[in-house]
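Each value in this text was obtained by applying a stated rule to the coordinates, not by laboratory testing. In this text the structure is predicted, and so the values were computed from the model without any measurement. Backbone-built Cβ (ideal geometry, glycine too); neighbour counts: all protein chains shown.
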Amino acid sequence: MHVTAADRLLFIGDSITDAGRDRADGTSLGDGYVDRIARALRARAGAAPAAVINKGLNGNRVYDLEARWATDVIAPRPTLVTVKIGINDTWRRYDRGLASPVARFEACLDRLLAYTAQKLAARLVVITPFLLPAAPHQQRWHEDLAPRTEAVLRAAHANAATVVRADLVMARAAEKHGAAALAPDGVHPSALGHELLAGAWLTAVLPPSDRPAAPA
């Protein structure tokens, strides 16, 4: 899909999207993959930048997104919406005993995507959750995250969303760089991890002729 100066790109998700943004400043993009995507688009030769909005909030599960969707996604009237959610739905099961059944999770994400397409006719992008275990206890999280990732893919495909396979990108990169270099705690990306996410988004979303190099 082409991204032009007329577009409004909105990113929503958890702390990986939030990336320390200043919530008192609507223009703040944080220091993560959203900011890197915005800088890459601005650097694209001969093109005016699209507007970019970051609505990530640390700690969010999919149900938290649903509670603020009308205000944070529909009201700004974006033309392209990117959603990255799921790891906290898994994490909270193990650290707080807070269940997020996969079927309920999938139904919620599907509702959000369908509602957005209905209200905005916006193009949709979904980034899969990922995990690079940094401690032995995180290994068992895969039993919950693997079916949840499949649920994300089903919801994305059901709503004609472009998919960014962060789970595959990060796993492949971990073979080269080591997991700790990409996500020291297994979940939150390092600077290199955010660069990889930005590059994966640019590759999945933009046609080859439009792709700027992700900034170093």
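Rounded, prolate or oblate for segment 17-98? Axes are the square roots of the Cα gyration tensor eigenvalues, ordered a ≥ b ≥ c, and the cut-off for rounded is a/c under 1.5. Prolate. Shape class for the chain: oblate, because the ratio a/c of the largest to smallest gyration tensor axis (alpha-carbon atoms, square roots of eigenvalues) is 1.5 or more and b/c is at least a/b.
For segment 125-137, backbone phi angles converted through the Karplus equation (6.51, -1.76, 1.60; θ = phi - 60°) give residue-by-residue couplings of 10, 10, 9, 6, x, 9, 8, 10, x, 9, 9, x, 5 Hz, Gly and Pro being listed as x.
Cβ neighbours within 10 Å, averaged per peptide: list 133-145, 58-70 in order, most packed at the top.
58-70, 133-145
Spin-label model, ASP22 to ARG104: label points 7 Å out along the Cα-to-beta-carbon direction sit 3.8 nm apart. Each part gets one Cα centre, and for segment 36-99 versus segment 105-149 those centres are 12 Å apart. FRET efficiency for the pair MET1 and ALA180, taken as 1/(1 + (r/R0)^6) with r the Cβ-Cβ distance and R0 = 35 Å, rounds to 0.55.
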